[in-house]
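Engineer: Take a look at this one; I'll ask things after.
The values are calculated or read from the model by the stated rules, or taken from the named source; none is laboratory data. Small disclaimer: the values here were computed from a predicted structure and weren't measured. When we count neighbours, we look across all protein chains shown, and the Cβ atoms used for this are built from the backbone with ideal geometry, even at glycine. Keep in mind that these areas ignore ligands, DNA and RNA; they rest on the heavy atoms of the full protein, side chains included. Shrake-Rupley method; radii C 1.70, N 1.55, O 1.52, S 1.80 Å.
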Amino acid sequence: MRQRLAVGNWKMHGNLPENWALLDKVAAAAGGLSRAIASVCVPFPYLAQAQSVLAGSKVAWGGQNVSQHPKGAFTGEVSAGMLREFGCRHVIVGHSERRQLFGEDDATVALKAGAVLAEGMVPIICVGETLAERERGVTEEVVGRQLGVVADRLGAEGLKASILAYEPVWAIGTGKTATPEQAQAVHAYLRGALARCDKSIAASMPILYGGSVKAANAAELFGMQDVDGGLIGGASLVAEEFLAICQAADG
Ligand code: PGA
């Protein structure tokens, strides 16, 4: 059976007092989860706080980005080794905001995923098409290319230890969720593409859906055959919403 997850992506939100309250609530309630893993990917300065509140709880934590370089003269960057020192389990790579706003290309995303794996953490590799690409009918081509570059770089060994997230760009932060059928169709395509590389990896890799997931739609989305949970932005900042989504992932 595949791992089920609900991963919060706080993006550039939060402050120390609000984080304490949110993390405390999530840690307390996540004890009731039986099979799903809850995780929160917080801004770098809050990793120590996440570590101190969540250590010993059932909730994992992680980063939202990482440098592809192990160390050196890269002002403003954060290495995978640094994230590991703060107990991160997950690191998001290739989020569409990184691709679109910070110019990250497929090759860079692949290097970042490799850097995360090299430090023994789990990359959550994001793929997804823009609205224009969906309307042009090239969704599969786009996500297939994004996955292909990463798969070539990581090989079967690296892929086996990774998580994939399908995040249609048009659904992120817009309130426009993909329908369960739209999500399932792309997830099935991605699993098929993985199967051409390695059948057992395709069968075992969690593929998360992200894009306006909320308590009200999570169960329906996560009920689809190839949807193994979610990557949750806005709704992960509200304890009750995020916990309800975790419950939906727990199924
Ligand atoms: P959203 O963001 O849930 O706010 O749409 C998802 C994401 O960007 O990971």
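Engineer: Sorted by average packing, counted as other Cβ atoms within 10 angstrom per residue and highest first, what order do 64-77, 151-164, 105-118 take?
Structural biologist: Values: 64-77: 13.8, 151-164: 17.6, 105-118: 20.3.
In descending order of packing, they fall as 105-118, 151-164, 64-77.
Engineer: Using the Cβ atoms and a cut-off under 10 Å, what net charge is assigned to the surroundings of Ala249, where Lys and Arg are +1 and Asp and Glu are -1? List each step's numbers first, then the result.
Structural biologist: Values: positive: Arg4, Arg35; negative: Asp228, Asp250.
Taking every Cβ under 10 Å from that of Ala249, the sum is 0.
Engineer: Among the listed pairs Lys112/Lys214; Lys25/Lys71; Lys58/Lys112; Lys71/Lys176; Lys160/Lys214, which are separated by more than 32 Å between their Cα atoms?
Structural biologist: On the way: Lys112/Lys214 28 Å; Lys25/Lys71 36 Å; Lys58/Lys112 26 Å; Lys71/Lys176 39 Å; Lys160/Lys214 28 Å.
Among Lys112/Lys214; Lys25/Lys71; Lys58/Lys112; Lys71/Lys176; Lys160/Lys214, the Cα-Cα distance tops 32 Å for Lys25/Lys71; Lys71/Lys176.
Engineer: On to the next question. Return one quarter of the surface area of the convex hull spanned by the alpha-carbon atoms of region 52-99, equal to its mean projected area, in nm².
Structural biologist: Details: hull surface 16.5 nm².
Averaging across all directions leaves 4.1 nm² for the Cα convex hull.
Engineer: Now for a separate question. Can you tell me the equivalent ellipsoid semi-axes for region 13-154? Use √(5λ) from the Cα gyration tensor, largest first, whole Å.
Structural biologist: Working: eigenvalues 159, 72, 41 Å².
For region 13-154, the ellipsoid semi-axes come out as 28, 19, 14 Å.
Engineer: Identify which of Arg35, Arg136, Arg145 has the largest mean-square fluctuation in a Gaussian network model of the chain, with springs joining Cα atoms closer than 10 Å.
Structural biologist: So, out of Arg35, Arg136, Arg145, the one fluctuating most is Arg136.
Engineer: Top to bottom by accessible area (1.4 Å), largest first, where do Val169, Val238, Val213 land?
Structural biologist: Details: Val169 30, Val238 65, Val213 10 Å².
The ranking, largest first, comes out as Val238, Val169, Val213.
Engineer: Give me the three principal axis extents of the chain from the C-alpha atoms, as integers in angstrom, largest value leading.
Structural biologist: 46, 45, 33
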